[in-house]
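Here's the structure we're looking at; comments come further down.
The values are calculated or read from the model by the stated rules, or taken from the named source; none is laboratory data. Worth saying up front: this structure is predicted, and the values here are computed from it rather than measured. Virtual Cβ from ideal backbone geometry, glycine too; neighbours counted across all protein chains shown. Side chains are part of the model used for accessible areas, which takes the heavy atoms of the whole protein and leaves out ligands, DNA and RNA. Shrake-Rupley method; radii C 1.70, N 1.55, O 1.52, S 1.80 Å.
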Amino acid sequence: MPGSVHATLAAPALPDPLETMPTPQAHPWLEPLWVRLLIVVFLIAALAAEFLWLGDRLWLFLWGAALVYAIWDFFLRGVYGKPKA
């Protein structure tokens with residue numbers, strides 16, 4: 001219909017199934033080892049406080065999941081601590 005205020009939207013293009021994921025990049029704020037260790041120590045302290053005093057299972061699970069993810073992302077994935085290329 002000419003003069004219509006409705007715009008036609010094209011369907012988004014589907015990603016190529018053979019395309020690989022982009023390489024993970026380190027965030028500059030998390031490059032220093034002491035920052036990553038401070039975050040992990042904070043998560044351990046929050047998990048211990050939840051376990052010893054507060055006892056809410058939901059927060060216990062959330063703090064534990066955040067700790068596991070932080071250890072994996074900061075130390076095991078291999079993105080941080082690499083020399084600059």
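Quick one: is Glu19 of a type in the set (Asp, Glu) and open to solvent by less than 80 Å² (accessible area, probe 1.4 Å)? Break it down into steps so the answer makes sense when it comes.
Details: of a type in the set (Asp, Glu): yes; open to solvent by less than 80 Å² (accessible area, probe 1.4 Å): no.
In short, no.
Considering region 50-85, and only residues there that are part of a loop (DSSP other than H, G, I, E, B) and under 19 Å from Val40 (Cα atoms), the residue that is most open to solvent (accessible area, probe 1.4 Å) turns out to be Arg77.
Inclusion of Val35 among residues that are modelled with pLDDT of 95 or more and β-branched (Val, Ile, Thr) is warranted. For region 22-49, a residue qualifies if it is open to solvent by 70 Å² or more (accessible area, probe 1.4 Å) and either in contact with a Gly (Cβ under 8 Å, 6 or more places away or on another chain) or of a type in the set (Ser, Thr, Tyr) (or both), and the qualifying residues are Thr23, Leu33.
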